[in-house]
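*Asks:* One structure coming up, written as structure tokens, with questions to follow.
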Amino acid sequence: MTVVAALALAGALTAGTLGAVPAQAIEATGVSPSSGSSLSKAPGSVRISFDRLPVGRVSVSVRGPKGDVTRGDAQVEGMTVVQRIANGGSGRYTVSWEVDSIFSSGDTSGSSSFRVKPKPKPTPTPTPTPSRTPKPTPSPSPTVAAAMTEAPPSPTSTYVAEPKIQGVSSTGSNHLPSPTVLWILIILLAGGGYAYRQWYLAKRR
């Protein structure tokens, strides 16, 4: 007897002994990103959780603003299905799934959507340009201002006396002694000098 036949026989015996137990369809208990959420950037994957092991046929597709963004096959991690996706830009993303588990009475399907809306970049605050204050023009001191406002002194005429030379009149005519008087003065000076010399020699003897 094969293993499959043994399991079938055991199942039949259990059903006949305990009575038939109604099976239920597998149900999704959560989706990440959650339906209706808004993200600042596209996630790398979506995760769908179920109420029992999703063992069997599992299919997940994700469409972004520009088309299909599904990458690879869905992976089962316990009671969660993980599907990798690509970055489809800003906009709406729709996640659709279909699961036919051997532990449920039939397959189940569902969908969810979220949006990707990047945050706007903050507008840089312009740096204020420092204003240049003109330097005040220095006012002249009171002394300088008074000197600038005073009228310049009026020119005055200065009389310069011409030097008078004795023997020359103001009209330019010369008052010189006559030649006779000059000869008399010369003779007197010569005689006086000779008399003085004789006296001096006599005194020394």
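*Asks:* Taking 0.36 nm per intervening residue step and subtracting the Cα-Cα distance, what contour gain separates Asp68 from Tyr194 on full extension? Walk me through the numbers before you get to the answer.
*Replies:* Values: separation 126, 0.36 × 126 = 45.36 nm, distance 15.70 nm.
29.7 nm is the gain from fully extending Asp68 to Tyr194.
*Asks:* For a label point 7 angstrom out from the Cα of Ser111 toward its Cβ, which stretches of the stretch 73-95 have the backbone nitrogen within less than 11 Å?
*Replies:* Backbone N within reach: 94-95.
*Asks:* With the Cα gyration tensor of the stretch 21-116 in hand, give its eigenvalues times 5 under a square root as the equivalent ellipsoid semi-axes, listed largest first in whole angstrom.
*Replies:* Numbers: eigenvalues 132, 29, 21 Å².
Equivalent ellipsoid semi-axes, largest first: 26, 12, 10 Å.
*Asks:* Using modelled backbone amide H atoms (1.01 Å from N, in-plane), which distant-in-sequence or interchain residues come within less than 5 Å of Phe103's amide H?
*Replies:* Val55
None of the figures in this text is laboratory data; all of them are computed from the coordinates on show. The structure presented is a predicted model; accordingly, all values stated were derived computationally and were not measured. We place every Cβ from the backbone using ideal geometry, glycine too, and count neighbours over all the protein chains shown.
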